[in-house]
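Written out below as structure tokens is the structure these notes cover.
The values are calculated or read from the model by the stated rules, or taken from the named source; none is laboratory data. Note that this is a predicted model, so its numbers are computed, not measured. Cβ atoms come from the backbone with ideal geometry, glycine included; neighbour counts cover every protein chain shown. Each accessible area value is taken on the protein alone, full model and side chains, heavy atoms only, with ligands, DNA and RNA left out. Shrake-Rupley method; radii C 1.70, N 1.55, O 1.52, S 1.80 Å.
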Amino acid sequence: MVTHQRGGAAVAAYPQLPPDAALPVGGIVALVAMLAVNWALAASLASPFLSWTSLLLLGWLLLLLGRISPTGLILLLPLVITRGATTVSLLVIEAGAYMPEVNRLGEPGDASASFVAFTALFFLVFALVFRRFERAFLAYARSPLLDDIVALLGWPVVVLFMALGAMAVLDGLRGGFPLLAGVDRFLYRREYSSQLVLILLDNKFLFAAILGAVAFAPRYRPLLKTAAVLTFLGLTALYFLFGDKFFTILAEVAFFAMPLLLARRGRLAPTLLRLAPPVAALLCAALAATIYIYSGYGRLPIGRTVALVGERVAGQGELWFVASHDARRATNWDAHLVERNIDTLDDKSPPASAFANGVETYYFIQRYSPAKLAASFRKNQGWVQLTMGTEAMALVMFGYVGVAAIMAFLGALVAFAALYLRRAFVSGFPLSLFFAVWTFLQIYFSVQQASLWSIAAPGQINRLLLFVTIEIVLLAVNRAQILSALGRGRAAVFTRRVA
């Protein structure tokens with residue numbers, strides 16, 4: 001614990017952090033060299049074997065991130081999951097999988113190698129920025145007053161989430177659950193879902209993070225922690241019933257587990273081993289639900305089901321595959337596409353404008369999807385889109401140099417969003433967690449979907465400025481509280497409690 005000293009009394013200012021380990025410069029240089037060699041070989045030899053080496057290099061990258069900043073790696077887990085899945089998808093594509101959304105048959109190439117290289121740039125910038133600013137972001141994250149407020153809000157927050165879940169169950173019992181009724185989840189959301197259910201489904205990551213902060217905080221009693229865990233499990237089961245897919249559930253679990261992993265970041269490996277059985281059970285349930293959905297809700301034979309699941313796996317990396325095959329330029333500037341992206345920012349509904357202008361992943365739908373499938377996307381009016389389009393869109397507009405610049409910028413941006421989330425988890429204040437998770441998710445969405453509006457639209461910026469203003473006020477209140485505790489005997493107690 002870093003403290004102020006006044007009149008012989010110690011006043012908590014920063015949560016206790018271990019000294020930073022030495023930066024593994026040699027490991028970073030070696031990884032970058034191997035990534036370059038792997039990409040060069042993949043571009044010249046085009047062997048499926050090099051997709052596997054790309055996957056191994058991604059594993060090396062994650063180990064290196066754990067050495068640079070274990071805390072940063074924990075908060076990056078949702079993006080680790082999606083990028084790991086995309087690398088596996090590209091492996092399947094380069095083994096020859098068919099991609100129905102873009103009407104292409106996969107083949108060996110450098111898509112896996114180049115994707116992992118840009119992911120390494122993104123993650124390394126993230127880790128270095130996070131490591132540099134972590135201590136500063138945690139200044140005065142807590143105070144005696146804020147701790148008392150957080151303690152009072154524990155039960156009301158959990159009961160609120162229980163009530164939302166119960167009402168969603170009643171809604172599903174009345175109208176049917178998409179998973180059991182065989183209704184497409186996007187059609188259900190657009191045509192049949194109540195506003196209450198949409199609130200539950202659209203905010204699952206937020207609810208998971210807040211419930212995790214209650215379940216794994218030492219300040220709460222065991223009964224409340226148990227209630228938070230059971231509420232999380234119940235909501236997760238509901239998300240299955242409402243048709244959410246494997247990786248969505250996986251990301252939700254990651255947000256819930258973040259507070260536990262942060263509390264045990266010094267002994268991360270044994271903690272992960274202890275979490276492995278329940279996480280494996282959840283993953284098996286999510287995988288079973290996914291297979292059931294792609295089997296036509298139990299109607300299709302196993303061979304056809306496996307083929308459909310394989311096509312879905314290929315969908316995670318298909319946009320980078322087609323872009324890296326059709327837009328192989330070192331530099332480029334597509335002024336028309338840039339202008340269309342900027343035009344979405346001032347629209348009253350930026351997502352609708354992005355759909356109408358044919359930017360983000362909709363660009364690839366218009367360019368590559370078969371006519372019947374493209375018509376289906378248009379009929380859904382933007383409710384359904386493809387995924388993992390940021391690198392692909394950047395390559396089309398700016399070339400490989402542009403991809404590198406954008407991924408470096410996004411790495412720094414995600415780092416600051418993760419630092420905000422880190423501070424919110426330390427405070428445990430539900431309002432701060434709401435703001436921090438919302439901010440993280442907007443940038444997460446931009447990193448996944450090539451959506452400029454989610455980080456640059458005036459409305460989004462105004463919301464972020466409001467959050468920053470509220471956090472500055474909270475920081476000032478916390479600082480005043482800590483300093484005023486001098487001489488009243490509370491400072492030493494609070495110092496022990498935070499440490």
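Scan the stretch 341-366 and report the pairs whose first residue is open to solvent by less than 10 Å² (accessible area, probe 1.4 Å) and whose second residue is assigned to a helix (DSSP H, G or I) and among the hydroxyl-bearing types (Ser, Thr, Tyr), with Cβ atoms within less than 7 Å and a gap of 6+ or a chain change.
Between residues of the stretch 341-366 that are open to solvent by less than 10 Å² (accessible area, probe 1.4 Å) and residues that are assigned to a helix (DSSP H, G or I) and among the hydroxyl-bearing types (Ser, Thr, Tyr), the close pairs are Thr344/Ser353; Ala354/Tyr362.
Take Ile68 and tell me if it is in contact with a strand residue (DSSP E or B) (Cβ under 8 Å, 6 or more places away or on another chain), more than 17 Å from Met407 (Cα to Cα) and modelled with pLDDT of 90 or more.
Answer is no for this residue.
Can we say Pro15 is under 21 Å from Pro259 (Cα atoms), open to solvent by 30 Å² or more (accessible area, probe 1.4 Å), within 28 Å of the chain's Cα centre (by Cα) and modelled with pLDDT under 95?
In short, no.
Would you please name the residue that is surrounded by the most Cβ atoms within 10 Å (Cβ to Cβ), looking only at residues in the stretch 83-117 that are out of contact with any Pro (no Cβ under 8 Å at 6 or more places or on another chain) and of a type in the set (S, T, N, Q)?
Across the stretch 83-117, the extreme among qualifying residues is Ser112.
Name the residues in the stretch 154-179 that are closer than 29 Å to Arg479 by Cα and either buried (at least 18 other Cβ atoms within 10 Å of the Cβ) or within 26 Å of the chain's Cα centre (by Cα) (or both), would you?
Once the filter is applied, which keeps residues that are closer than 29 Å to Arg479 by Cα and either buried (at least 18 other Cβ atoms within 10 Å of the Cβ) or within 26 Å of the chain's Cα centre (by Cα) (or both), the stretch 154-179 yields Gly154, Val157, Val158.
Between residues in the stretch 243-259 that are within 19 Å of Ser427 (Cα to Cα) and residues that are outside any helix (DSSP H, G or I) and open to solvent by 20 Å² or more (accessible area, probe 1.4 Å), which pairs lie under 7 Å by C-beta distance while being six or more apart or on different chains?
If the second residue must be outside any helix (DSSP H, G or I) and open to solvent by 20 Å² or more (accessible area, probe 1.4 Å), the pairs left are Pro259/Phe216.
What residue, of Ser44, Ser51, is open to solvent by 60 Å² or more (accessible area, probe 1.4 Å) and either at pLDDT 95 or above or closer than 30 Å to Asp326 by Cα (or both)?
Ser44
Could you give me the residue pairs with C-beta distances under 7 Å whose first residue belongs to the stretch 29-49 and is under 24 Å from Leu128 (Cα atoms), whose second residue is among the β-branched types (Val, Ile, Thr) and open to solvent by less than 40 Å² (accessible area, probe 1.4 Å) wherever it lies, and which are 6+ apart or on separate chains?
From the stretch 29-49, the pairs are Leu35/Val116; Asn38/Thr53.
Please find, among Thr231, Thr226, the residue that is closer than 16 Å to Leu260 by Cβ and touching a Leu at 6+ places or on another chain (Cβ under 9 Å).
Thr231
Do you know which residues across the stretch 20-49 are over 27 Å from Ile68 (Cα atoms) and not in a loop (DSSP other than H, G, I, E, B)?
Leu41, Ala42, Ala43, Ser44, Leu45, Phe49
Select from the stretch 261-273 the residues that are over 25 Å from Ala424 (Cβ atoms) and modelled with pLDDT of 75 or more and write down the one among them that is least open to solvent (accessible area, probe 1.4 Å).
Taking the candidates together, the pick is Pro270.
Considering each residue of the stretch 294-307, count those that are in contact with a helix residue (DSSP H, G or I) (Cβ under 7 Å, 6 or more places away or on another chain) and either open to solvent by less than 40 Å² (accessible area, probe 1.4 Å) or farther than 21 Å from Pro178 by Cα (or both), and give that number.
Total satisfying the criteria: 2.
For a quick check of your reading of the model, give me the residue pairs whose first member lies in the stretch 413-429 and is under 15 Å from Val214 (Cα atoms) and of a type in the set (Ser, Thr, Tyr), whose second is open to solvent by 10 Å² or more (accessible area, probe 1.4 Å) and not in a helix (DSSP H, G or I), with beta-carbon atoms closer than 9 Å and at least 6 apart or on different chains.
Every condition considered, the pairs that remain are Ser427/Arg142.
Might you check whether a residue that is among the basic types (Lys, Arg), under 21 Å from Phe126 (Cα atoms), open to solvent by less than 60 Å² (accessible area, probe 1.4 Å) and within 15 Å of the chain's Cα centre (by Cα) occurs anywhere in the stretch 423-432?
For the stretch 423-432, residues among the basic types (Lys, Arg), under 21 Å from Phe126 (Cα atoms), open to solvent by less than 60 Å² (accessible area, probe 1.4 Å) and within 15 Å of the chain's Cα centre (by Cα): absent.
Considering only residues of the stretch 232-260 that are over 29 Å from Gly310 (Cα atoms) and open to solvent by less than 10 Å² (accessible area, probe 1.4 Å), which is nearest to the chain's Cα centre (by Cα)?
Looking at the filtered set, the residue picked out is Met258.
Please enumerate the residues belonging to the stretch 461-484 that are crowded, with 19+ Cβ neighbours inside 10 Å and not aliphatic (A, V, I, L, M).
Glu471, Asn478, Gln481
Can you tell me how many residues in the stretch 351-379 are within 17 Å of Val338 (Cβ to Cβ) and assigned to a loop (DSSP other than H, G, I, E, B)?
Residues flagged as within 17 Å of Val338 (Cβ to Cβ) and assigned to a loop (DSSP other than H, G, I, E, B) within the stretch 351-379 amount to 4.
Looking only at residues in the stretch 308-327 that are of a type in the set (Asp, Glu) and open to solvent by 10 Å² or more (accessible area, probe 1.4 Å), which one is nearest to Tyr368 (Cα to Cα)?
Asp326
Test Ser44 against the criterion of being under 30 Å from Arg423 (Cβ atoms) and among the hydroxyl-bearing types (Ser, Thr, Tyr), and give yes or no.
Judged against the criteria, Ser44 is not a match.
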